[in-house]
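Report on one structure; see the data block that follows.
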Amino acid sequence: MDSTRAAVHPLPYTTYQQAIEQETAHFAEVVEGVDPATLVPSCPDWTVADLTQHVGSLQRWFSTLLTRLVQEPPRSREVELGLPDSAHDYPRWVAAGIPQVAAVLRATDPQAPMWAWGDDQHARFWARRMLFETLLHRVDAERSVGQESPVDPVLAADGIDEFLVNLPDAHLFAPAVAQLKGDGETIVFQCAGPDTGGSGEEWRVRLEADGFRLLPRGEDGEPSGARTTTVRAQAADLLLLLYGRRSYQEAAFDVTGESETLDRWFAHTAF
């Protein structure tokens, strides 16, 4: 797999601080009063109780990593969760953790070097990752109860970038990613409209014999005989597509090129 990456352009750190707090509160509101046994269609075999425990546990785990500024992969993920005995109390448990998470984020220098499983070896990696874990699972929770609310398009565009920049390292927990290869095909994920602050913002991924790579922004030119497949949609729809919450065959997506290339992509990037 080629190690070449597009430059990482995260949003201002304060944006992540505020968005994490808002998305967590929104998540807790959605699941409050919902039967914990309710199934979550977008997370097979999970119930709302499982999803809620996952969100609260991950936030506490990420906060522990940030507090310690760990310099190497931790050997254990054991942290004090304070998980309630009854799953009916999980939503309030998630909400109760918001002040602690916010305090940790405020106290953390985003530029501080630390271990991360992705390419960006700084504390800001974990704030960015926490946001999109929470945002995505907020959408999961809404769908489990028949609701849906917008995803901020600027956050969505940043989430697309975060997903694609980190994807090469996702083989650590999603082995199929390492088998994603091709013959020079290019997939273009393109935002439609000016809603992200930059009309036509796009990400280009090249599938090659030894793996895949996200092309640096502004890199032009295709290999001789290369085949390009483009997926164009609103940023929020693209984000949910990349995370397997939508299908490129839906009307929201304008696709040109080879569907076989997209099928191979999604078969190897699901996690």
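The values are calculated or read from the model by the stated rules, or taken from the named source; none is laboratory data. All figures in this text were calculated on a predicted structure; none of them were measured in a lab. Positions of Cβ are backbone-derived with ideal geometry, glycine not excepted, and every protein chain shown enters the neighbour counts. We work out accessible area using only protein heavy atoms, side chains counted, and drop any ligands, DNA or RNA first. Shrake-Rupley method; radii C 1.70, N 1.55, O 1.52, S 1.80 Å.
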One residue from 100, 111 being part of a loop (DSSP other than H, G, I, E, B) and open to solvent by 50 Å² or more (accessible area, probe 1.4 Å): 111
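Does residue 163 meet the test of being at pLDDT 95 or above, assigned to a helix (DSSP H, G or I) and under 19 Å from the mean Cα position of the chain (by Cα)? Please lay out each step first, then the result.
On the way: at pLDDT 95 or above: yes; assigned to a helix (DSSP H, G or I): yes; under 19 Å from the mean Cα position of the chain (by Cα): yes.
In short, yes.
Which one of these is more than 26 Å from residue 203 (Cα to Cα), basic (Lys, Arg) and not in a helix (DSSP H, G or I): 92, 77, 60, 106? Even if it seems obvious, please write down each step before you answer.
Numbers: 92 fails: not in a helix (DSSP H, G or I); 60 fails: not in a helix (DSSP H, G or I); 106 fails: not in a helix (DSSP H, G or I).
So the residue among 92, 77, 60, 106 that is more than 26 Å from residue 203 (Cα to Cα), basic (Lys, Arg) and not in a helix (DSSP H, G or I) is 77.
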Cβ-Cβ under 7 Å pairs, at least 6 apart or on other chains, segment 232-255 side within 12 Å of residue 189 (Cα to Cα) and open to solvent by less than 30 Å² (accessible area, probe 1.4 Å), far side charged (D, E, K, R) and outside any loop (DSSP other than H, G, I, E, B): 233/254; 253/237
Options 68, 92; residue that is open to solvent by 60 Å² or more (accessible area, probe 1.4 Å) and either β-branched (Val, Ile, Thr) or in contact (Cβ under 8 Å) with a residue 60 or more places away in the chain (or both): 92
Total residues in segment 192-207, condition modelled with pLDDT of 95 or more, open to solvent by less than 50 Å² (accessible area, probe 1.4 Å) and either touching a His at 6+ places or on another chain (Cβ under 6 Å) or not β-branched (Val, Ile, Thr) (or both): 3
Filter result for residue 127 (surrounded by fewer than 18 Cβ atoms within 10 Å (Cβ to Cβ) and either under 16 Å from residue 16 (Cβ atoms) or among the basic types (Lys, Arg) (or both)): no
Tabulated pairs, segment 132-143, first under 11 Å from residue 239 (Cα atoms) and in a helix (DSSP H, G or I), second among the acidic types (Asp, Glu) and modelled with pLDDT of 95 or more, C-beta under 8 angstrom, 6+ apart or interchain: 132/162; 135/23
Those residues of segment 19-67 which are among the acidic types (Asp, Glu) and touching a strand residue (DSSP E or B) at 6+ places or on another chain (Cβ under 9 Å), in sequence order: 35, 45
Matching option when the condition is of a type in the set (D, E, K, R), out of contact with any strand residue (DSSP E or B) (no Cβ under 8 Å at 6 or more places or on another chain), open to solvent by less than 20 Å² (accessible area, probe 1.4 Å) and under 27 Å from residue 121 (Cβ atoms), among 158, 140, 169: 158
Matching residues in segment 256-271 - criterion: being touching a residue at least 40 places away in the same chain (Cβ under 8 Å) and more than 14 Å from residue 189 (Cα to Cα): 264, 267, 268, 269, 270, 271
Enumeration of residues in segment 45-59 that are open to solvent by 10 Å² or more (accessible area, probe 1.4 Å), among the aliphatic types (A, V, I, L, M) and under 18 Å from residue 131 (Cβ atoms): 58
